[in-house]
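To keep things clear, I will list the structure first and then write my remarks on it.
The values are calculated or read from the model by the stated rules, or taken from the named source; none is laboratory data. Everything numeric here is computed off the predicted structure, so don't read it as measured data. Cβ coordinates were reconstructed from backbone atoms using ideal geometry, including for glycine residues, and neighbour counts include every protein chain displayed.
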Amino acid sequence: MGAATQIKTSLYLKMANVEAAFRNLHQDLLDGCKVGDQKAQFQIYKLYYKAMYNTSLRIVNDTMEAEDIMQESFLSAFEKIDTYSGTVSFGAWLKKIVINRSLDALSKKKAIFEDIDYHIGIQDDSSEDILRKEEIDIKVEEVKEAINKLPDGYRIILSLYLLEGYDHDEIGEILSISSSTSRSQLSRAKQKLISELTKK
């Protein structure tokens with residue numbers, strides 16, 4: 001075996017070890033959760049509760065309801081943790097539970113996208129939904145505040161795409177719509193957001 005091959009093999013093994021360590025970062029806690037270890041469950045809760053609460057809050061826009069949904073999501077996750085296959089990160093798996101529960105809570109009140117479909121004066125033109133920095137100086141907190149004031153449908157699509165990082169195929173799956181519908185609604189939501197921000 002040549003020197004170059006030995007170096008490549010050594011680097012490959014080191015990278016594999018790093019990847020394995022990353023994958024199993026909280027595996028001991030997850031294993032504890034699977035056998036009902038309450039200390040392990042509490043540690044997992046402490047690691048993820050803030051992010052999960054924020055995810056729910058961005059959808060339901062109600063602090064008390066987001067708190068309840070977050071708690072219920074953890075209970076649900078611990079009850080069915082045996083179904084967690086490890087093909088995605090635990091955080092991503094848990095976030096999907098939180099999002100689904102948040103959407104369920106919202107849909108009990110009203111149809112999520114009815115306010116989008118009948119909104120007057122919104123054009124579906126993605127070329128005009130760009131907010132140029134030189135035109136408006138906006139702080140991140142102002143954007144978040146404006147998003148929170150939007151109708152449910154707009155707020156959800158913006159939160160899932162901009163804040164949670166889901167792509168249109170994933171959003172389509174979560175909301176039971178097509179990816180093209182997701183794109184169209186995101187475009188409208190961005191225009192509505194820009195309209196709200198320019199009022200200031």
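Observations
- Among the residues of segment 176-185, the ones that are surrounded by fewer than 21 Cβ atoms within 10 Å (Cβ to Cβ) and in a helix (DSSP H, G or I) come to 5 in all.
- Hey, Y166 in a helix (DSSP H, G or I), of a type in the set (F, W, Y) and either at negative phi or not assigned by TED's automatic domain parsing to the domain that holds D62 (or both) or not: no
- Just so you know, in segment 97-113 the residues that are assigned to a helix (DSSP H, G or I) and touching a residue at least 40 places away in the same chain (Cβ under 8 Å) include one that is nearest to G32 (Cα to Cα), and it is V98.
- Residue count for segment 45-85, restricted to those that are part of a loop (DSSP other than H, G, I, E, B) and either in contact (Cβ under 8 Å) with a residue 24 or more places away in the chain or closer than 25 Å to Y161 by Cβ (or both): 3.
- Candidates E145, E135: the one that is more than 17 Å from the chain's Cα centre (by Cα), closer than 21 Å to L57 by Cβ and either modelled with pLDDT under 60 or not polar (S, T, N, Q) (or both) is E145.
- Test result for G172, over 17 Å from N61 (Cβ atoms) and either touching a residue at least 12 places away in the same chain (Cβ under 8 Å) or not in a loop (DSSP other than H, G, I, E, B) (or both): yes
- The set of residues in segment 28-72 being closer than 15 Å to A92 by Cα and among the polar types (S, T, N, Q) consists of N54, T55, S56.
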